[in-house]
1. Which members of the stretch 158-171 meet the condition of being surrounded by fewer than 16 Cβ atoms within 10 Å (Cβ to Cβ), within 18 Å of VAL49 (Cα to Cα) and not charged (D, E, K, R)?
2. Taking only the stretch 3-56 into account, find how many residues are at pLDDT 75 or above, over 25 Å from ILE141 (Cβ atoms) and either open to solvent by 80 Å² or more (accessible area, probe 1.4 Å) or in a helix (DSSP H, G or I) (or both).
3. In the stretch 87-117, what count of residues is obtained for those that are outside any helix (DSSP H, G or I) and either open to solvent by less than 60 Å² (accessible area, probe 1.4 Å) or within 19 Å of GLU178 (Cα to Cα) (or both)?
Amino acid sequence: MQAEEAGRRLHEIRNWMHEGRRVMAESWRFQLGWGVLSSVGLIATWWAVRAEAWTALAWVWPLALLVGWLGSVVLARIAPARARNQATRAVEGVWVGAGATLTLVGLAGLVGGALPPAALPGTVSAVLGGAYWATARVAGIGWLRGLAVIWWAGASFLLLFPSEHALLLLAAMALLFEAGPALILGRDGGATP
């Protein structure tokens, strides 16, 4: 009887991991959109700071976040129905939680003055590293752990060596290590980017 129960639980866990992988493969559009949008926002922020275009700077992220979150809602509504289990809820929870954390830290932390602007790129990179690590564990996609390590290494560099070009480095990371992997997930998941 115990062997039968253990076999059933193992089958259930395998199904959860399969669904977690499927969620990641299906969510490539979200990842691609946020990666490109983040890169554009970071480059626009870098330009606005360099040009002392403070009015433009005040609009970059509120507008980018509005577009990003509305786009995510639209993509979620048109996405195909999928099984709802612990793995799918965990993967979705990791990314919605990371997005909400980054939105809160980026807006409230900077506006309120609690987070110095030089610390934001490293903080963003560290949060993304945590999200990729958790997703790799839940979905069983090993190469995502490597992405987590890259994001954490980037966070370490950005926090240890703040520079006026940190936003550009973070923009490049978003394109290479967020949008790039989204294209891989889209291809591997059978979707055509």
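1. SER163, HIS165 - these are the residues of the stretch 158-171 that are surrounded by fewer than 16 Cβ atoms within 10 Å (Cβ to Cβ), within 18 Å of VAL49 (Cα to Cα) and not charged (D, E, K, R).
2. Quick first cut of the stretch 3-56, residues at pLDDT 75 or above only: 4, 27-56.
Adding the requirement that they be over 25 Å from ILE141 (Cβ atoms) leaves 4, 40-56.
Restricting the remaining residues to those that are either open to solvent by 80 Å² or more (accessible area, probe 1.4 Å) or in a helix (DSSP H, G or I) (or both) gives 4, 40-52, 54-56.
Count: 17.
3. The qualifying residues number 2.
The values are calculated or read from the model by the stated rules, or taken from the named source; none is laboratory data. On a predicted model such as this, the values are computed, not experimentally measured, just so you know. Glycine also receives a Cβ, built like all others from the backbone with ideal geometry; neighbour counts cover every protein chain displayed. Calculation scope for accessible area: heavy atoms of the full protein, side chains included, ligands and nucleic acids excluded. Shrake-Rupley method; radii C 1.70, N 1.55, O 1.52, S 1.80 Å.
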